[in-house]
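This report refers to the structure that appears directly beneath it.
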Amino acid sequence: MRHKFAVIGLGIFGRSIATTLAERGAEVIAIDNNEDHVEAIKDEVAYAVALDATDIRALEAQNIQDTDAVIVAIGEDFEALLITTANLQELNVKRVITRASNKQQRRILEKMGVQEILSPEGEVGKTVAERLLQPSIRTFLSLPDNYEIVEINAPRNIANRNIAKISLREKYNLNLITIKRFFEEILDGKPTQVEHVIGVPKADTIIYPSDILILIGKKHDVKRFIDINR
């Protein structure tokens, strides 16, 4: 099924997200109140429109509530970003992802109940797009020749099986570098889930449902592994 996203705010960060999503086959609505920004991207996405996203009726007219996610990438006008985010919440958009340029903005967005907040200083548009298209991927590092190193949540269909039976290398052309696993520890007198790396996995190592796998392989092989086992 084709993913459908909207990106509001077409500066460098927002445009990078929008074009990467479109290149990966997603249907993208690109929105900005600057007509020059819209004109610059119109040939790279499914639909580009100049409108004021602080106008809830203008957003509703674009059927914004029917998208899989909306990324609010407005950079310079924080008031507009807040109003736009509130509009999307009122329209019951399934998934709202909002940009924060500093810690104070992040705190305000958290108080609004925004669950996913982006910090452009620590995020690259292509990385954000990859995470949107493949929610199982937590982080990834692109390598030459179409290889990548990825952190993914353990797919449901391989949980509670050992590495030998999964046949990562033989069946999927992937190598498992290591596993991150959560252990309960007492911190400040309270039981807390703490993440640890378990070292080099062995053939009889069991994959638990809450594990995070760190894999290396071709991008299409990673995608195939996730799609088959989700």
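Restricting the search to strands (runs of 3 or more DSSP E) fully inside region 144-230 and requiring at least 2 residues that are farther than 23 Å from V128 by Cα gives 175-187, 190-197. Looking across region 147-205, the residues that are charged (D, E, K, R) and either touching a helix residue (DSSP H, G or I) at 6+ places or on another chain (Cβ under 9 Å) or free of Cβ contacts under 8 Å to residues at least 12 places away in the same chain (or both) come down to E148, R156, K165, R169, E170, K171, E184, E185, D188, K190, K202, D204. Of note, D221 satisfies the criterion of being closer than 18 Å to N146 by Cβ and out of contact with any His (no Cβ under 9 Å at 6 or more places or on another chain).
Does region 17-36 include one or more residues that are among the hydroxyl-bearing types (S, T, Y) and in contact with an Asp or Glu (Cβ under 6 Å, 6 or more places away or on another chain)? Yes: one or more hits. Checking the structure you have, find out if any residue of region 117-125 is under 18 Å from I17 (Cα atoms), open to solvent by 20 Å² or more (accessible area, probe 1.4 Å) and modelled with pLDDT of 85 or more. Looking through region 117-125, at least one residue is under 18 Å from I17 (Cα atoms), open to solvent by 20 Å² or more (accessible area, probe 1.4 Å) and modelled with pLDDT of 85 or more.
In region 10-95, counting only helices (runs of 4 or more DSSP H) that sit wholly within it, the ones holding 3 or more residues that are of a type in the set (G, A, S) and open to solvent by less than 50 Å² (accessible area, probe 1.4 Å) span 12-23. A search for C-beta distances below 6 Å between a residue of region 98-109 that is touching a residue at least 40 places away in the same chain (Cβ under 8 Å) and more than 13 Å from A86 (Cα to Cα) and any residue that is of a type outside the set (D, E) and not in a strand (DSSP E or B), counting only pairs 6+ apart in sequence or on different chains, returns R99/A73.
Of I137, I97, all but one fail to be among the aliphatic types (A, V, I, L, M), at pLDDT below 80 and in contact with a strand residue (DSSP E or B) (Cβ under 6 Å, 6 or more places away or on another chain); the exception is I137. Can you confirm whether region 147-157 contains a residue that is more than 22 Å from I228 (Cα to Cα) and surrounded by 13 or more Cβ atoms within 10 Å (Cβ to Cβ)? Looking for residues that are more than 22 Å from I228 (Cα to Cα) and surrounded by 13 or more Cβ atoms within 10 Å (Cβ to Cβ), one finds none in region 147-157, hence no.
The values are calculated or read from the model by the stated rules, or taken from the named source; none is laboratory data. The model shown is predicted, which means the values in this text are computed figures rather than measured ones. Note: ideal-geometry Cβ built from the backbone for every residue, glycine included; neighbour counts use all protein chains shown. The area values use the complete protein model at the heavy-atom level, side chains included, leaving out ligands, DNA and RNA. Shrake-Rupley method; radii C 1.70, N 1.55, O 1.52, S 1.80 Å.
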